[in-house]
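Step one of this worksheet: look at the structure below.
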Amino acid sequence: MAVKIKGIMAGSLAEQYNIKPGDTLKLINGEEINDMLDLQFYQANKNLKISLVAENGEDKSVTIIGKDEYTPLGLEFDTYLIDKHHYCKNKCMFCFIDQLPKGMRESLYFKDDDERLSFLFGNYITLTNLTEKEYDRIKKVRISPINISVHTTNPELRVAMMKNPHAAEIMDRMRGFAEADIKMNCQIVLCKGVNDGKELEKTIKDLQSLYPNVQSVSIVPIGITRYREGLAKAEIFDGEGCRKVIELVAEATKDFYEKHGTRLVYLSDEFYLNAKMPIPEEEYYEGFPQIENGVGMVRTFIDNFIADMDYHETIKEAVAVDIATGESFYPVLCSMVDMAMEKYGDKLKIYVHKIKNNFFGGNVSVTGLLTGTDFADQLKGNLKTDRLCLCKDVLSDNADVFLDDMTVPELEEKLNTKIELFTNDGYDLLSGIMKEV
């Protein structure tokens, strides 16, 4: 597939060798360029023969000898990937996007299942929507590590959960990656009475068999909203259910840890919070390989908050602030705030507000899925100060928009207060509250 070049970066190799906007890129060293991964892989060679078609239709060839392998050509295209995003065709019983209400912004409903985004940005893919050509390319150009949504290794169960016949191929696909020395990180969305219990034990054992090419596995509980019309019946894990999952995983990983020195499989923070059990210490997470899946975020928050308290012996000036958070994180944040106020005395006043996720029906308790509507409804008239601290996780990437399309300025106007945003980090929060960052 030939792709049209939209722009050329100033001072780049492309500019130096007279490649122009409007030229069509066909081949690099005889290989077709279909998307960003092809471009990144083939332009890394030191010697390049580039085949193009000029805007006037004439064939054009550029030869570059002895370039630095890490220097890009400097080509720009209509989209970052060059190609279109690969769309997920599955109908997974646990898909959160299928549980969104109608009328939200269009971008929220896009379900990607794109191996390029897995490599470039850490997105998780199911492998069910790959063509044989795409599967072979992952091995050829060494897209590694790749992040895989596994959920279960039982072929029949995976097909039933994902409504895609190709879901049954999961272990064959992963064995192929392992043979090609492709590294894999895996995710399991756990559904009560479906892929837990004995099925989870089997899945863990199968993934352990692919170690060390399987580098890490996270287990997260299904998220359930009130917008599940027409979807399979699903139940949340209550406190007792979470405790059973914690015990099962501990037993299923015990021998593996003794043999290999790694747990390989880690539970998300939600299981411990919902079970009202202590968050494991830092050593449990072995470098936090799955922190983006909510595995160890609470531990890093606690440790960083305490470290910042140890660093700040006193507060320069009196501080008063409101903080709002989700139901699951509320007890953790309260315990941290109590420690800080005990240390700094009357100079520090922090008022923590627990926000229930009414927008999604009350079963979703994580802070990152709270909406501007719920903040507005539950905080109006209840704020104690003129400063409101919120975690940046509640906003869209690179925007000040909540999931329900309310903006930060709109929420500030509704609450008549100034909103301050902080990363999900104990150091950033405490230092920001004390205005020392």
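The values are calculated or read from the model by the stated rules, or taken from the named source; none is laboratory data. Here the structure is a predicted model, which is why all the values come from computation and not from measurement. A quick note on method: Cβ atoms are made from the backbone with ideal geometry, for glycine too, and the neighbour counts reach across all protein chains shown. To get the accessible areas, we keep the full protein, side chains included, count just its heavy atoms, and leave off ligands, DNA and RNA. Shrake-Rupley method; radii C 1.70, N 1.55, O 1.52, S 1.80 Å.
Within the set of other residues whose C-beta is less than 12 Å from the C-beta of Cys242, count the net charge using Lys and Arg as +1 and Asp and Glu as -1. Neighbour charge sum, excluding Cys242 itself: -2. Each stretch of four or more DSSP H residues adds -39500 (n - 2.57); spread over every residue of the chain, this sum gives -9500 deg cm²/dmol at 222 nm. Each residue of the range 210-216 was assigned a 3J(HN,Hα) from its phi angle through the Karplus curve 6.51 cos²θ - 1.76 cosθ + 1.60 (θ = phi - 60°); the sequence is 9, 5, x, 5, 7, 8, 6 Hz, with glycine and proline shown as x.
Skipping prolines and chain starts, which residues have an amide H placed within reach, meaning under 5 Å, of the one on Ile146, given they are 5 or more residues away or on another chain? So Ile146 has HN proximity to Lys183, Met184, Asn185. Each residue of the range 333-343 is assigned a 3J(HN,Hα), and the resulting list reads 5, 4, 5, 5, 4, 4, 4, 5, 6, 5, 6 Hz, derived from the Karplus form 6.51 cos²θ - 1.76 cosθ + 1.60 (θ = phi - 60°), x at Gly and Pro. Each Lys and Arg Cβ is given +1 and each Asp and Glu Cβ -1; about its Cα centre, the chain then shows a dipole of about 780 debye.
Ranking of Ser335, Ser328 by solvent-accessible surface, largest first: Ser335, Ser328 (1.4 Å probe, protein heavy atoms only, all chains present).
In this rough spin-label picture, where each label sits 7 Å from Cα along the Cβ direction, the Asp255-Thr407 distance is 5.9 nm. Residue separation of Asn382 and Glu317 scaled by 0.36 nm, minus their Cα-Cα distance, works out to 21.0 nm of gained length. Across the range 310-437, Cα pairs under 8 Å and at least six residues apart give a relative contact order of 25 percent.
Against the main long axis of the alpha-carbon atoms of the chain, helix 239-260 sits at an angle near 50°.
The packing ranking, built from the mean of other Cβ atoms within 10 Å per residue, places the peptides 246-254, 36-44 in the order 36-44, 246-254, highest first. Under 5 Å from the amide H of Val319 lie the amide H atoms of Leu348, Lys349, each residue being 5 or more positions distant or on a separate chain, with H modelled from the backbone and absent for Pro and chain starts.
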